[in-house]
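Notes to accompany the following structure.
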Number of protein chains: 2
Amino acid sequence: MPSLRVALAQLPNRVGDLDGNVERIGAAMAWAEEEAGADVLVVPELALTGYGLGDLVLHDAFVEDAREALDTLAERSGAMTTVISTIDRVPPRRSWDSRDRSVAIGAALVSGGQVRGMYHKIFLPLYDLFLEARNFAPGDDPGRVWRIGETVAGVAICEDLWGSDGPPEAQAAAGAQILFAPNASPYHRGKAEGRLANTREVALRNGLPVVYVNFSGAQDDLVFDGGSIVVDAGGRLLARAKEFAEDRLVVDVPVAPPRPSATVKPPRTVHTRPLLREEGPPPPEPPLPLDDVATVWHALVAALRYWTERNRIDGVALGLSGGVDSAITAMLAVDALGVECVLGVSLPDPDTPADELADARALAATLGIELVEEELEADTDTTDAWRHDRRMARRRAAALLELADARNMHVLATGNKTEISLGETTRFGDLLGHYAPLRDCTKTMLYELAEWRDPDGRILPPRTLSRPSTTHRLTPLDQFSYETLDDVVQRYVEHGQDLDAMVAAGHDAAAAEEIVRRIDASEVVRRYTPPGPKVTSRAFGHDRQMPIFSDWQPHPHGGPTPPVAPGPELPEMLILDGVEQP
Amino acid sequence: MPSLRVALAQLPNRVGDLDGNVERIGAAMAWAEEEAGADVLVVPELALTGYGLGDLVLHDAFVEDAREALDTLAERSGAMTTVISTIDRVPPRRSWDSRDRSVAIGAALVSGGQVRGMYHKIFLPLYDLFLEARNFAPGDDPGRVWRIGETVAGVAICEDLWGSDGPPEAQAAAGAQILFAPNASPYHRGKAEGRLANTREVALRNGLPVVYVNFSGAQDDLVFDGGSIVVDAGGRLLARAKEFAEDRLVVDVPVAPPRPSATVKPPRTVHTRPLLREEGPPPPEPPLPLDDVATVWHALVAALRYWTERNRIDGVALGLSGGVDSAITAMLAVDALGVECVLGVSLPDPDTPADELADARALAATLGIELVEEELEADTDTTDAWRHDRRMARRRAAALLELADARNMHVLATGNKTEISLGETTRFGDLLGHYAPLRDCTKTMLYELAEWRDPDGRILPPRTLSRPSTTHRLTPLDQFSYETLDDVVQRYVEHGQDLDAMVAAGHDAAAAEEIVRRIDASEVVRRYTPPGPKVTSRAFGHDRQMPIFSDWQPHPHGGPTPPVAPGPELPEMLILDGVEQP
């Protein structure tokens, strides 16, 4: 079958760095046209502006700057067509509320020194972490297609591919023989598999090849894992770019046979070149995807590197307790930043068991990081174990901050998703830090990471893996295993299941209800969690918008509604008592 | 003109408290029908479920529980019609992305023991703090009207009123003679004025009276200020409910004359009663609205009371420094919670000026609150004033936390919006606390609050008002007055203005650019701000979704783009160095 030579540039995601993004895209254009001899180059969604723009697009000056940046790139374009995704000013459009939006997510087709046309994204995701419909106007021409030489091509952007009757279907009906798809698809576990499955469905349903290009690189709480793919019209994977790294690919993609257009609108001609190429030798077998646990580790590393770079700090400090959370965090920090940029801190008090201190020392020695030890005074004021723990957690946090400050380092909070879900964490204590790398990793995931990163046990002290959690031991949930806790956390938080589904899956109803109740009651404490990377399908934060205070609790079907506990008595409102109103 | 007797119940906003909300609405129904003799009762938007539901509506069991709660209320209904806003299951609908939504915001009309019909909100606001389009499906019948006795009535919910061609217009065209409008309209400065102006426009444009009912009561970071209004067909204000308090009103509202319907769909009959009443005596003059500064104080008081109640704490502790921020916070806490629930803490170090300590003592004595004094050790480690300040701020935070914990109190952070905008605040230091009441009040607003709450200077020590801010004195912006700083903060943060507009308004271009640059650079620090109430049109947090890290900066029109500073050099990625991948 005749083919187009398509280049993919899997770029980093740099929000607002218009000059830098112009350079990166421009370099990819030069490479694709001059070295790779490509007919078409595709870059990720919003590669020119960066993806996570938020309310930055409400600044007219930013929208104008982005247009100038696009013109700069267009001027540099040659015979090859480049699909450059960027924001675009459009006529004001009213849609889901009383306000107009006048900026769209676009994909410009540039060649021969000019912007030849612009596709506007139709579907604007507004679920989980996505907020696109907040500021963007939807496109109004889902079936727009383009003539590139003899080939009719479609362009669809990210979410456009995830309905079964969206732009790809409209463009196929309009005669498209190949689909170019710029994406900004953030990482979570299992995402790569889902993308491939969906891209295959799009290809098979519409009988055309799909070129799917993603970012690689972190932005705020998100990691973009790359893994761009090319799938042929039969759903076969032709190529896969690196995961968690910048990459460039060039692939001869067999285009679908010409087909009659069902629509009245003819394709807009983008460029008269190229002639279609004859079918060449089959491409090499694409690399296997990374294993699930490996993707988590890569994401954590990428996120911590990004955080360190963007904050212009000299490294990170963390408390080494002898437990698994801090050990994983230290191992991660060394992988991400190198030993010079990681400071271990041991803060025992007179009650700290000697073996915990020994394990912290052993880990620091094995990793080769500096360990500062400071003994805290005994806390003699209290006989309440819970209050004692909280007080010591806060003193440790304060000591850690002073040490980190003196070296221009950030403090890493070592709490995991299980603790944060259940509220087994102390505000301003172990939850304090500039960054919380493990905030979206459950405890059982930490053991999987330990097994994956240290399969031979050369790094982690054996007792570190077997030692029970000190934060967990004093809570009402200490009767439950981490397997039980984490399964309920995942079902409730990540999948939004109700109690009946958990019972059907084998959970004890009373146990599940108690765990879920703890998760709900901890909503307020979670508001104090430091930033950290998303690695699951639903992290706390943007992905899950829950009220801080709600009186409703899940309960078994047909069972009684849990009663709402009465609040404390406050005195009558004293406002304006004795105040003369002006 | 003939009139309907309409009752309004300005209820509190209790999220998820279905049983409690049933009781509150049920009590209002009994009052309206039996005592007030009303024909129609209207309650606020989502009065049955609470407004800020977030992802709670993704739980099917919650949607089912809400339906059962509505049926309970319907069974209690008599001859009077009640407009009860709640969530409602609807057929799945696809709109702005690839996912379906199947829950709408509704307003049920109940009478005679039954749910007679349900209107579904059309416009789902998705800007500033509003996220309704995230989980809700839009209604598909904007022109639906209802026959209540001889009267044809329309129902439109909150955002439905804010377009000029929305449901009120469609319902007027369908013959509506009166409009019932349940609302969940959060407070910000000037909001009440905007609501009245818009409601008048709706009434005048459509030639019908509008009954606008709002919540009174806090929910998370929002305060709902009540102030429900009734406007006649000529735009005249007939009645206004209390602001910042629960209230009930009963008003004989003259309905518009019967008009022919332009639509083919006849009104659905809700109830055959009532006969229209003859015109009665004119209603009493509505009370004047609260003054702008007074509304801010009421909002701060309501929010702090709510926070204290929902957290089941015994009060709040705060550091008294002798400065205006902490003095205002203390005054506010006493108004909200009473003297028994407020602990002042003075934490001088050997360098603290004696007059600051004296002012803290004087304020505590005047307010009648307990003052704990603890002298901190001198910090001899450093000669760097900025680092010294940061270290002392953190030690104060740690000491304050220990004192608050021992009394089951929360710590109030006293930082204001100016500091938080400019990053003149220390993470884990003065920015540390469970709650930050002043986070949305600029410094100049604090002086206005001081003048309003303490007009005779009986509470605040004179030096407290004149003392320069210690956090501000060491920053690059200390050359600018608070008037300049706050004006730029308001223009940039609250109104999204660009630099050209600021210059046109009289600002020095270089000064404005420097201030704006500081605001942008402080985005990351703001992520550590404790929760606190919104009082302006755009608070930090939900209202303003900015990337944590962005390289774009506003610059004067035609001026050069500010350069992006290079990041630090990190070692090459070390990941997987020596790891055998499984």
Check: C-alpha center segment A:162-236 vs C-alpha center segment B:20-75, spacing in Å is 45
Once phi for every residue in segment B:343-359 is put through the Karplus expression 6.51 cos²θ - 1.76 cosθ + 1.60 (θ = phi - 60°), the whole-Hz ³J(HN,Hα) values, with Gly and Pro written as x, are 10, x, 10, 10, 10, x, 10, x, 8, 5, x, 4, 5, 5, 4, 4, 5
The answer for segment B:238-355, accessible area per residue at 1.4 Å probe in Å², is 44
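Using every Cα-Cα pair within segment A:109-222, state what percent have a distance larger than 17 Å.
Of the Cα pairs, 57 percent sit more than 17 Å apart.
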The protein assembly as shown, convex hull of Cα, quarter of hull surface, nm² -> 45.5
So, in nm and shortest first, the distances from residue B:508 to its counterparts in the other copies, with label points 7 Å along Cα→Cβ, work out as 7.1
Any GluC sites (Glu not before Pro) in segment B:85-160 that lie in a DSSP loop and have at most 16 other Cβ atoms within 10 Å would be B:150
Extension length gain for residue A:402 and residue A:64 (0.36 nm per residue less Cα distance), in nm, is 117.2 nm
Note to self: C-alpha centroids of segment A:383-404 and segment B:384-401 sit apart, in Å, by 16
Computed ³J(HN,Hα) along segment A:86-99: with the Karplus parameters 6.51/-1.76/1.60, θ = phi - 60°, integer Hz and x for glycine or proline, the list is 7, 7, 8, 6, 10, x, x, 9, 9, 9, 9, 8, 8, 10
Taking placed amide H atoms and a strict 5 Å upper bound, the residues 5 or more places from residue A:238 or on another chain that come that close are A:230, A:231, A:232
Sorted on mean Cβ neighbours within 10 Å (highest first), peptides B:510-522, A:170-182, A:528-540, B:281-293 come out as A:170-182, A:528-540, B:510-522, B:281-293
Each label sits 7 Å from Cα toward the beta-carbon; between residue A:374 and residue A:508 the label points are separated, in nm, by 4.3
Across B:155-165, the residue-averaged tally of Cβ atoms belonging to other chains within 10 Å stands at 2
Note: A:302-312 gets an average of partner chain Cβ contacts (10 Å, Cβ to Cβ) equal to 3
Diffing segment B:194-211: the Karplus 3J(HN,Hα) column from phi (6.51, -1.76, 1.60, θ = phi - 60°), in whole Hz with x for Gly and Pro, holds x, 4, 5, 4, 5, 5, 4, 4, 4, 5, 5, 4, 9, x, 8, x, 10, 10
The correct pairing of chain A residue and whole-Å distance, for the Cβ nearest the axis that maps A onto B, is A:398, 2
In segment B:208-316, the GluC sites (Glu not before Pro) that sit in a DSSP loop and have at most 11 other Cβ atoms within 10 Å of their own Cβ are B:278, B:279
Flagged as over-length at 18 Å C-alpha distance, from B:417/B:534; A:121/A:534; B:242/B:443; B:121/B:242; B:417/B:443; B:121/B:534, the pairs are A:121/A:534; B:242/B:443; B:121/B:242; B:121/B:534
Residues hit by the 50 Å² burial cutoff in segment B:328-342, accessible area with a 1.4 Å probe, assembly against chain on its own, are B:335
With a 1.4 angstrom probe the carbon and sulfur portion of accessible area for the protein assembly as shown, in percent, totals 51
Bounding extents of segment A:141-200 in its principal axis frame from Cα atoms, largest first in Å, are 39, 22, 18
Sorted by chain and then number, the residues having a modelled amide H within less than 5 Å of the amide H of residue A:155, at least 5 places away or on another chain, are A:180
Output row A,B: buried area (accessible, probe 1.4 Å, summed both chains) in Å², nearest hundred, equals 10000
Whole-number value, in Å³ per residue, for the convex hull of the alpha carbons of chain A is 214
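The values are calculated or read from the model by the stated rules, or taken from the named source; none is laboratory data. What you see is a predicted model, and the numbers here were worked out from it, not measured in a lab. Backbone-built Cβ (ideal geometry, glycine too); neighbour counts: all protein chains shown. Note: accessible area is taken over every heavy atom of the protein model, side chains too, but ligands, DNA and RNA are not part of it. Shrake-Rupley method; radii C 1.70, N 1.55, O 1.52, S 1.80 Å.
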